[in-house]
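Taking it in order: structure first as structure tokens, then the write-up.
The values are calculated or read from the model by the stated rules, or taken from the named source; none is laboratory data. Since this is a predicted model, take the numbers as computed values, not measurements. Cβ: placed from backbone, ideal geometry, glycine included. Neighbour counts: every protein chain shown.
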Amino acid sequence: MSQISKVDQNLIIKKIDKETINIQVLDNEMLASIVGEFNKNLTKLETLTNSKIFFRGNSITIKGEDDSTLRASEAIKFLGSKYILTNLIDNNDIIHSVKMEKNSNNGNIHSLGELIKTPKQSVIARSVKQDEYIKALKNNQIIMALGPAGTGKSFLAVSVAITMLMEKKVDRVILSRPAVEAGEKLGFLPGDMKEKVDPYLRPLYDALYDLFGFEKIQKKIETGEIEIAPLAFMRGRTLKNSFAILDEAQNATSTQIKMFLTRIGENSKLVVNGDPSQIDLINKSYSGLIKSKKILEKIKEIKIIEFDHKDVVRHPLVSKIIQAYQKVDDKS
């Protein structure tokens, strides 16, 4: 049975009058997840949609202006879909159910969302751009993703890469990043190469552990199925049956990005992720991310995804912070 059919089967939606919509939720566990502990999810939805939402038994009643009630009911459809896919609804899902309803042109938001199944949790797209990005990660050989922090560039790339490794579609996942300090001088770092590079790759490790668990990931690292490779160490290699991710590519030169992309071999995928607004190079003009995007955008086999503040999936304040800084940068 399709995702939409399961949602429609468990949610009976009736428009009572111009200002009232009633939703009967037939699955008790789905209902509990949608409502949230102490009705917190419905309270959040009320604020976000400017409506009044009442809950009794297996019935959710939405009251307000016609536009507000429609937004709230579509958001609940999305949450029902999210529950069917992942058996989980969290606070961010409440926010993004409303955001996706705003951005939807066809009113069918609960059908959106590419799914990535991982051992610890299932991940779905939280925006139209994320949906496009996940499809590109699955279907294209070379993908470039540009955009601000919090848009899921690294998290989604790691999710797809390790899922493909677990499904034996690739033999190896390679995580790479320029070893450039984020505006601070860290000095000498002790240890072997992996220990020296690990601090720079911490966001990728966090994604790995969140999705697949510490022990499973450590075992894959020990066997070489997951490889940590500083960008400088990629030169001269040909990557076969591999999924390689270059993170923080705004801190790589155009020559370095070219070197990374030309490592591609048979049955491999390469992903280049970066945020053009967070260049840590001493001379920002050395960054090759934007230049590489302009050079490569006419090659149809290379998929380029550009995120903006509307795609941020962290705390809602992150989007506002990005917009505030962008306004200042645009004036300067």
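Quick notes
- Pair list, Cβ < 6 Å and 6+ apart or interchain, from region 57-72 residues that are closer than 21 Å to A32 by Cα and in contact (Cβ under 8 Å) with a residue 24 or more places away in the chain to residues that are hydroxyl-bearing (S, T, Y) and part of a strand (DSSP E or B): K63/T20
- Matching residues in region 40-56 - criterion: being farther than 19 Å from K18 by Cβ and either without any contact (Cβ under 8 Å) to a residue 24 or more places away in the chain or among the charged types (D, E, K, R) (or both): K40, L42, T43, K44, T47, F55, R56
Here is a yes/no grid of residues against (1) surrounded by 11 or more Cβ atoms within 10 Å (Cβ to Cβ); (2) modelled with pLDDT of 80 or more:
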site	(1), (2)
I162	yes, yes
V197	yes, no
T223	no, yes
L231	yes, yes
L239	yes, yes
S242	yes, yes
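- Residues in region 266-293 that are in a helix (DSSP H, G or I) and touching an Asp or Glu at 6+ places or on another chain (Cβ under 9 Å) were compared, and the one that is nearest to Q250 (Cα to Cα) is L289.
- Boolean, K303 is of a type in the set (D, E, K, R) and either within 30 Å of K169 (Cβ to Cβ) or assigned to a loop (DSSP other than H, G, I, E, B) (or both): yes
- Taking region 1-74 as the region of interest, the helices (runs of 4 or more DSSP H) fully inside it that hold 2 or more residues being surrounded by 17 or more Cβ atoms within 10 Å (Cβ to Cβ) and modelled with pLDDT under 90 are 3-10.
- Failed criterion for P276 (all others in (1) crowded, with 18+ Cβ neighbours inside 10 Å; (2) in contact with a helix residue (DSSP H, G or I) (Cβ under 8 Å, 6 or more places away or on another chain) hold): (1)
- From S268, S242, S277, S254, residue being in contact with a Leu (Cβ under 8 Å, 6 or more places away or on another chain), of a type in the set (S, T, N, Q) and in contact (Cβ under 8 Å) with a residue 12 or more places away in the chain: S268
- Of all residues making up region 206-245, the number that are farther than 26 Å from E266 by Cα and not in a loop (DSSP other than H, G, I, E, B): 10
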